[in-house]
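Down below is the structure, laid out as structure tokens.
The values are calculated or read from the model by the stated rules, or taken from the named source; none is laboratory data. All values reported here derive from a predicted model rather than from experimental measurement. Cβ placement follows ideal geometry from the backbone for every residue including glycine, while neighbour counts extend to all protein chains displayed.
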Amino acid sequence: MALTAQSVPDKLPVYRVASVDVYRGFVMLLMMGEILSLESVAKALPDSGFWNFLAFNQGHVEWTWLSLHDMIQPSFTFLVGVALPYSVASRKSKGASFRNIILHTIKRSLILIFLGIFLRSMYSEQTNFTFEDTLTQIGLGYTFLVLLSYTSHRTQIIALVVILVGYWLAFALYPLPDASFDYAAAGVVPNWEHNLQGFAAHWNKNTNLAWAFDKWFLNLFPREKPFLNNGGGYSTLSFIPTLGTMILGSFAGRALKDDTLPTQKLKFFVTTGLALIVLAVVLHFAGINPIVKRIWTPAWTIFSGGICFLFLAFFYGVVDVQQKKKWSFFLMVIGMNSIAAYVIADGGIRDFIAKSLYIHLGPTYDQVFGMPYATLVKGMLVLFFMWLILYWMYKKKIFIKI
């Protein structure tokens, strides 16, 4: 990880696309916004459809489909792919050889993996070896993504198909639970309301191939107690289809970098996004493959990838095509320091700010508008101070890069 000070000219360099930073800033704002705890407000006001709607979209769905919050990880992952053509081109322009680029890539992958593990171990008695964190998942697949960038577009498409079909087949061939299956040890119940039926049951929570892999793999590491299951159903092997999301992002990045008209780029983003969404929905309702984010099913890769294309189309159309940038400055500050934003939101800085506010403003300052809005008041102030840290870094031209 490098702490760099660099100039930020009024006009971004050609290898930076403003809309990509704004989109990334939007994604990180959603993550940082968890401090608002909209679920607490909704519980205090159970009859309010407005707060219940917001709370739903700040949480994760139990299994199939999605909320807005479920789009944080795929968007962040997709944008890694979008930035890749620019990153590789920039390093090549500075004279970096293939060997140098790959060595840098491996180093970056390892940093992402270990940073993800470090953040997940913040409140543990010992290192929490877990590999489903966003940064870790990206790190596990990033080197393969860079290697694929040196192949033809056709080869990359074939690789994407092989990844998704192969991952689907591996789950499909894994046997369904029999009568002797220990559901309690897997942390699920056989009649869970979100269980899928028929062929789709191959992708049920903690009874699938990825869960079985983690029961073996995660117990190879020192642990406080043996790993039996992940309470949320998340898994290490999700990095494989996550690589598919990054490949989709690289297709978008290549289109952005190509010397074509902005309208053509927008058309490509929109048509590709809609086509991917339709394909995923067909796979889901046909019972071929369900849309499940927690285990990153191939249908989820396709579905969320389509939504990411539409998000990119919106930000690119407004920020870069229509040149309406003033409104996006708040997001730009976050997006240009996304790793710092991630660490601030997921590490101890956020909690330090929250505790400090109670010390200096009093234990009941957050009740100024009543108890139902306490977490909202606290969260807004914490979010403001987190942004101020990023703004200070922006003004000082300090950007954390890996």
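Just checking, which of 198, 231 is surrounded by fewer than 22 Cβ atoms within 10 Å (Cβ to Cβ) and at positive phi? If you could, list the steps in order and put the result at the bottom.
Numbers: 231 fails: at positive phi.
Only one candidate passes the filter, namely 198.
Go through the range 323-398 and tell me which helices (runs of 4 or more DSSP H), entirely inside it, have 2 or more residues that are aromatic (Phe, Trp, Tyr).
Numbers: elements: 329-335, 338-346, 348-361, 374-395.
Output list reads 329-335, 348-361, 374-395.
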- Message: Based on this model, can you work out whether residue 194 counts as under 22 Å from residue 287 (Cα atoms) and part of a loop (DSSP other than H, G, I, E, B)?
- Response: yes
- Item | Pairs where the first residue, in the range 112-125, is over 14 Å from residue 345 (Cα atoms) and of a type outside the set (S, T, N, Q) and the second is assigned to a loop (DSSP other than H, G, I, E, B) and modelled with pLDDT of 90 or more, C-beta under 8 Å, 6+ apart | 113/131; 117/127; 117/128; 117/129; 117/130; 117/131; 117/133
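From the list 67, 7, 40, which residue is over 30 Å from residue 200 (Cβ atoms), of a type in the set (S, T, N, Q) and at pLDDT 95 or above? Spell out how you get there, then give the answer.
Values: 67 fails: over 30 Å from residue 200 (Cβ atoms); 7 fails: at pLDDT 95 or above.
So the residue among 67, 7, 40 that is over 30 Å from residue 200 (Cβ atoms), of a type in the set (S, T, N, Q) and at pLDDT 95 or above is 40.
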- Query: Taking the condition touching a Lys or Arg at 6+ places or on another chain (Cβ under 7 Å) and under 24 Å from residue 51 (Cα atoms), does residue 374 pass?
  - Reply: no
- Query: Just to be sure, is residue 325 surrounded by fewer than 16 Cβ atoms within 10 Å (Cβ to Cβ) and either under 30 Å from residue 262 (Cα atoms) or touching a residue at least 60 places away in the same chain (Cβ under 8 Å) (or both)?
  - Reply: yes
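Just to check your reading of the model, which residue among 259, 182, 214 is of a type in the set (D, E, K, R) and surrounded by 17 or more Cβ atoms within 10 Å (Cβ to Cβ)?
Numbers: 259 fails: surrounded by 17 or more Cβ atoms within 10 Å (Cβ to Cβ); 182 fails: surrounded by 17 or more Cβ atoms within 10 Å (Cβ to Cβ).
None of the others qualify; the one that does is 214.
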- Item | Selected residue (only one of 147, 112, 169 is assigned to a helix (DSSP H, G or I), of a type outside the set (S, T, N, Q) and buried (at least 16 other Cβ atoms within 10 Å of the Cβ)) | 112
- Note on the structure: Scanning the range 32-58 residue by residue, those in contact (Cβ under 8 Å) with a residue 40 or more places away in the chain and buried (at least 20 other Cβ atoms within 10 Å of the Cβ) turn out to be 32, 35, 36, 38, 41
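Return a yes/no flag: does the range 203-212 have any residue that is touching a Gly at 6+ places or on another chain (Cβ under 7 Å) and in a helix (DSSP H, G or I).
Pass one, the range 203-212, residues touching a Gly at 6+ places or on another chain (Cβ under 7 Å): 205-206.
Okay, now just the ones that are also in a helix (DSSP H, G or I), so none.
Scanning the range 203-212, I find no residue that is touching a Gly at 6+ places or on another chain (Cβ under 7 Å) and in a helix (DSSP H, G or I), so the answer is no.
Look at the range 88-109 and say how many of its residues are in a helix (DSSP H, G or I), among the hydrophobic types (A, V, I, L, M, F, W, C) and without any contact (Cβ under 8 Å) to a residue 24 or more places away in the chain. Steps first, answer last, please.
Start the filter on the range 88-109 by keeping residues that are in a helix (DSSP H, G or I), which leaves 88-93, 98-109.
Narrowing further to those that are among the hydrophobic types (A, V, I, L, M, F, W, C): 88-89, 98, 101-103, 106.
Retained after the next criterion (residues that are without any contact (Cβ under 8 Å) to a residue 24 or more places away in the chain): 103.
Counting residues in the range 88-109 that are in a helix (DSSP H, G or I), among the hydrophobic types (A, V, I, L, M, F, W, C) and without any contact (Cβ under 8 Å) to a residue 24 or more places away in the chain gives 1.
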